[in-house]
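The values are calculated or read from the model by the stated rules, or taken from the named source; none is laboratory data. Predicted model, so just to flag it, every value in this text is computed and none were measured. Quick reminder, even Gly has a Cβ in these numbers, built from the backbone with ideal geometry, and neighbours come from all protein chains shown. Please note that ligands, DNA and RNA were not included when accessible areas were found on the heavy atoms of the full protein model with its side chains. Shrake-Rupley method; radii C 1.70, N 1.55, O 1.52, S 1.80 Å.
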Amino acid sequence: MNAICGISPEMHLEVTMLFEEYGRLLDEDRLEDWTALFMPDCLYEIISRENVEQNLPLSLMLCDSRDMLDDRVYSLREANVFNIHYDCHIIGPVRVTAQDGAWTATAAYSLFQSIQAGETRLFSVGRYHAELKRVDGVLRIAKMRVLVDTGAILTLLATPI
Amino acid sequence: MNAICGISPEMHLEVTMLFEEYGRLLDEDRLEDWTALFMPDCLYEIISRENVEQNLPLSLMLCDSRDMLDDRVYSLREANVFNIHYDCHIIGPVRVTAQDGAWTATAAYSLFQSIQAGETRLFSVGRYHAELKRVDGVLRIAKMRVLVDTGAILTLLATPI
Amino acid sequence: MNAICGISPEMHLEVTMLFEEYGRLLDEDRLEDWTALFMPDCLYEIISRENVEQNLPLSLMLCDSRDMLDDRVYSLREANVFNIHYDCHIIGPVRVTAQDGAWTATAAYSLFQSIQAGETRLFSVGRYHAELKRVDGVLRIAKMRVLVDTGAILTLLATPI
């Protein structure tokens, strides 16, 4: 059936729960648990949709292994100075496609940030494009490209999206 | 079971994926593919919630066939002048109800627009009310009414919601 | 399977539909139907995430029975003066966990309010933490804690989140 791409409700639920966990771990500032969702040999990239459409390679954030993601998280914990905030990810329905023993998955997101004074603002909207593989029975992220529509406020980008 | 209205997880997933495709095709500016989600004999209407509650018939957009939707898309491509933007639809959980060989479905949405300068703003929130039918094995939209809560900014309404 | 916590697609759908109904009934101002989603002996609490993290007990709203919820709704209908608005809840994917014949469930939300002049603003973002039980075959809310990220605008909190 075209509409659901031969994906069973069980498989769809498992992928949706991976996206749910991805957003929740970031929201709860559990960044070390968040990097554990990735495979050791992975790619994490945040890139503006404008750059993608113009074939400009410049990323806003690029980590090409889980070690590099872990380094970035360590740096956020120990070295970086940035405004303290709460994240809140609202993720839409996830589309899953099976491909050669792996899966691709995409979903739109909106990300809100609340500052210590208690105000919330829209920080970023865009779309996740993921490649997932099963490792020892558990679904892991092989590749996550975050295409952001919101190009303007990314000078403030410190934590992952 | 009341809570899930006798809808199987497979059927629910198929409807959710139709809503997902609806939002994604608009976000990716694939308007010609978006009209293909509708039946030839269809209704597409955007109407403010205020007007609905006061029984005022005035729509913000009304197309009563797929041909008319196609015309509108053609007009957007060739004739209309409007600000270029990226859309991002975030759609909530979809409620599906079976009814006489067809289905009704509803979901809340938020729609964000990002302009070329890179800023994103909230454009519209509201709720989809759809009637769906299966045509040659594929789920299609017979009717889509978009009830918008956001009455004020619709002078700028050019692309579908 | 870790990712989906031993929850079947049917069970997950039923819980998701309870959250969908929760948000939709509030959005449609059907507050009396909304309180009917709760068990007679229930807890409903809105609390800022900041207070939770600092172990400060102060709630923004606290009702410890359905009677108290009903009283609050009655008060909103008959006595309170507050700005008329439309609510629109966008709820993300729901995580469900089975626990001793009951279920816990969590989901992130964004809540938008539209005023009569037609403008929409972001009102609150945060996360639902629910405990659910089955009563006479129907899933009901035993406990709902709403952790709000948006501490600042809650002086205007009149209707439930």
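Whenever you get a sec, compute what percent of the accessible area on chain C sits on carbon and sulfur atoms (1.4 Å probe). Present the calculation step by step, with values, prior to reporting the outcome.
On the way: 3480 of 6930 Å².
Carbon plus sulfur share of accessible area: 50 percent.
Scan around residue C:65 for amide H atoms under 5 Å from its own, H built in the peptide plane at 1.01 Å from N, and keep only partners 5 or more places away or cross-chain.
Hits under the 5 Å cutoff: C:42, C:44.
Can you pull the one-decimal nm distance between simple spin-label points at residue B:77 and residue C:71, each 7 Å off the Cα toward Cβ?
The answer from the label model is 6.3 nm.
Just want to confirm a number: the relative contact order over chain C, from Cα pairs under 8 angstrom separated by 6+ residues, in percent.
Details: 282 pairs, mean separation 40.1, N = 161.
Here the relative contact order equals 25 percent.
Using only the alpha-carbon atoms, how far is helix B:9-27 inclined from the longest principal axis of chain B? Give it as 0 to 90 degrees, nearest 10.
10 degrees
Given labels modelled 7 Å from the Cα in the Cβ direction, how far is it in nm from residue B:62 to residue B:115?
Each label point lies 7 Å from its Cα, and together they span 3.1 nm.
On the first, second and third principal axes, largest extent first, how far apart are the outermost C-alpha atoms of chain B in Å?
Dimensions of chain B along the principal axes of its Cα atoms: 48, 33, 30 Å.
Check which residues have an amide H placed less than 5 Å from residue C:48's amide H, if you skip close sequence neighbours.
Placed amide hydrogens put C:60, C:148 under 5 Å from residue C:48.
Please give the per residue accessible area of the protein assembly as shown, computed with a probe of 1.4 Å over protein heavy atoms only, in Å². Mind showing how you got there, number by number?
Values: 20800 Å² over 483 residues.
Accessible area per residue, the protein assembly as shown: 43 Å².
Taking a temperature of 20 °C and a viscosity of 1.002 mPa s, what whole-number D in µm²/s does Stokes-Einstein yield for segment B:38-79 with Rh from Kirkwood over alpha carbon pairs?
On the way: Rh = 11.3 Å.
Once the numbers are plugged in, D ends up at 190 µm²/s.
For the protein assembly as shown, what is the calculated [θ] at 222 nm in deg cm²/dmol (nearest 500), taking -39500 (n - 2.57) for each run of four or more DSSP H residues and dividing by its residue count?
Values: 12 runs with 126 residues, N = 483.
Helix contribution divided over all residues of the protein assembly as shown: -8000 deg cm²/dmol.
What total accessible surface area, summed over both chains, is buried at the interface between chains B and C, computed with a 1.4 Å probe and given in Å² to the nearest 100?
Values: alone 9170 and 9180 Å², together 16090 Å².
Chains B and C together bury roughly 2300 Å² of accessible area.
Under 19 Å Cα-Cα from residue A:143, which lysines qualify once same-chain neighbours fewer than 8 residues away are excluded?
Reachable lysines: A:133.
Percent antiparallel among DSSP beta bridges with both residues in the protein assembly as shown, to the nearest 5?
Numbers: 111 of 132 bridges.
Close to 85 percent.
How far is the Cα center of segment B:11-77 from the Cα center of segment A:39-56, in Å?
31 Å
How much accessible surface does residue A:133 have with a 1.4 Å probe, in Å² rounded to 10?
90 Å²
Could you compute how fast segment C:74-161 diffuses translationally, taking Rh as the Kirkwood radius over C-alpha pairs and applying Stokes-Einstein at 4 °C with viscosity 1.567 mPa s? Give it in µm² per second. All intermediate terms of the calculation are to be shown ahead of the outcome.
Details: Rh = 14.9 Å.
For these conditions, the coefficient is 87 µm²/s.
Only Lys, Arg, Asp and Glu count, each charged at its Cβ (+1, +1, -1, -1), so figure out the dipole size of chain A about its Cα centre, rounded to 20 debye.
Details: 14 positive and 24 negative charges, 71 e Å.
I would put it at about 340 debye.
Under the definition of partner shielding as Cβ atoms of other protein chains within 10 Å of a residue Cβ, what is the mean value for peptide B:98-107?
1
Where does the charge balance sit around residue C:144 when Lys and Arg score +1, Asp and Glu -1, over other residues with C-beta under 10 Å from its C-beta? Please list the in-between numbers first.
Details: positive: C:143, C:145; negative: C:45, C:131.
Local net charge: 0.
Which angle between 0 and 90 degrees, to the nearest 10, do you get for helix C:66-78 versus the longest principal axis of chain C when only C-alpha atoms count?
Roughly 30 degrees between the two axes.
Looking only at Cα atoms, what is the convex hull volume of the protein assembly as shown per residue, in Å³?
Numbers: hull volume 76.7 nm³, N = 483.
In the protein assembly as shown, the Cα convex hull volume per residue is 159 Å³.
Measure off 7 Å from each Cα along the Cα-to-Cβ vector at residue C:99 and residue B:100, then give the distance between these two points in nanometres to one decimal.
4.5 nm
For residue B:124, enumerate residues with amide H under 5 Å from its amide H, sequence gap 5+ or separate chain, H modeled in the peptide plane.
B:111
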